[in-house]
Amino acid sequence: MGASGGAARPIIPILKATGLLNQSGVPTELYSQFQTESGRPAAALQALRNGYGEIFRRNQYAHRADEATLIDVIVAITGLPKKEGIVRYVLATFQAFQETAKSAREDAASSTQTIDTAQTDEAPARVEEKSGLRGTAGLQLAYNINVVLPETTNVEVYNAIFRSLKANLLT
């Protein structure tokens, strides 16, 4: 897909959540449709509906919504402040699909993806478990945390850091 290095890592969970890849990482029929010029808009719209179900439950025309409306919906779902980086990341990912889905015909898009529904139905629960988020049914967030450890020979410093991480991030 043209992405390389560490920046490509978040793409795979997104493609799984949107139904373009199954849980094994194998491209689905929706991905095949996305690869064709004529099928790309409808596939992008269906991918949006698969991956961002909660946004579409709150606004059935989210694929046509402007940025301010989308931010309001994302903030309402996540409970995060508008300026939070995660809100911007979710918005940017949504808008990447939204741009491609703009020319999709609504009637065609709603009937195209009945293929692989078992695989796409599994995706939200699995991604939700992995990300540690609860109550965000159709909205999946992926995040990476980098910890820069100090140079020390005292193992208690590392133990304290990891105890703190466990207590504050994994609960």
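Among (1) over 20 Å from Ile11 (Cα atoms); (2) in a helix (DSSP H, G or I); (3) modelled with pLDDT under 90, where does Asp72 come up short?
Of everything listed in (1) over 20 Å from Ile11 (Cα atoms); (2) in a helix (DSSP H, G or I); (3) modelled with pLDDT under 90, Asp72 misses just condition (3).
Within region 28-49, does at least one residue satisfy the condition of being of a type in the set (Ser, Thr, Tyr) and touching a Gly at 6+ places or on another chain (Cβ under 7 Å)?
Yes.
Does Arg49 count as at pLDDT 90 or above and either farther than 24 Å from Ile12 by Cβ or surrounded by 18 or more Cβ atoms within 10 Å (Cβ to Cβ) (or both)?
yes
Every residue in region 77-94 that is assigned to a helix (DSSP H, G or I), surrounded by 13 or more Cβ atoms within 10 Å (Cβ to Cβ) and not hydroxyl-bearing (Ser, Thr, Tyr), please.
Ile77, Ile86, Val87, Arg88, Val90, Leu91, Phe94
For the list (1) surrounded by fewer than 13 Cβ atoms within 10 Å (Cβ to Cβ); (2) closer than 30 Å to Asn22 by Cβ; (3) at pLDDT below 75, I need the number of the one condition that Thr171 fails.
Just one mismatch for Thr171, condition (2).
So, of the residues in region 52-73 that are among the aliphatic types (A, V, I, L, M) and without any contact (Cβ under 8 Å) to a residue 60 or more places away in the chain, which turns out to be surrounded by the fewest Cβ atoms within 10 Å (Cβ to Cβ)?
Step by step, filter region 52-73, then rank; the result is Ala68.
Quick check: is even one residue across region 10-27 touching a residue at least 24 places away in the same chain (Cβ under 8 Å), in a helix (DSSP H, G or I) and either among the aromatic types (Phe, Trp, Tyr) or over 23 Å from Ile86 (Cα atoms) (or both)?
Taking every residue of region 10-27 in turn, none turns out to be touching a residue at least 24 places away in the same chain (Cβ under 8 Å), in a helix (DSSP H, G or I) and either among the aromatic types (Phe, Trp, Tyr) or over 23 Å from Ile86 (Cα atoms) (or both).
Filter region 28-39 down to residues that are of a type outside the set (Asp, Glu) and not in a loop (DSSP other than H, G, I, E, B) and give me whichever is surrounded by the most Cβ atoms within 10 Å (Cβ to Cβ).
Leu30
The values are calculated or read from the model by the stated rules, or taken from the named source; none is laboratory data. Source: prediction; values computed, not measured. A quick note on method: Cβ atoms are made from the backbone with ideal geometry, for glycine too, and the neighbour counts reach across all protein chains shown.
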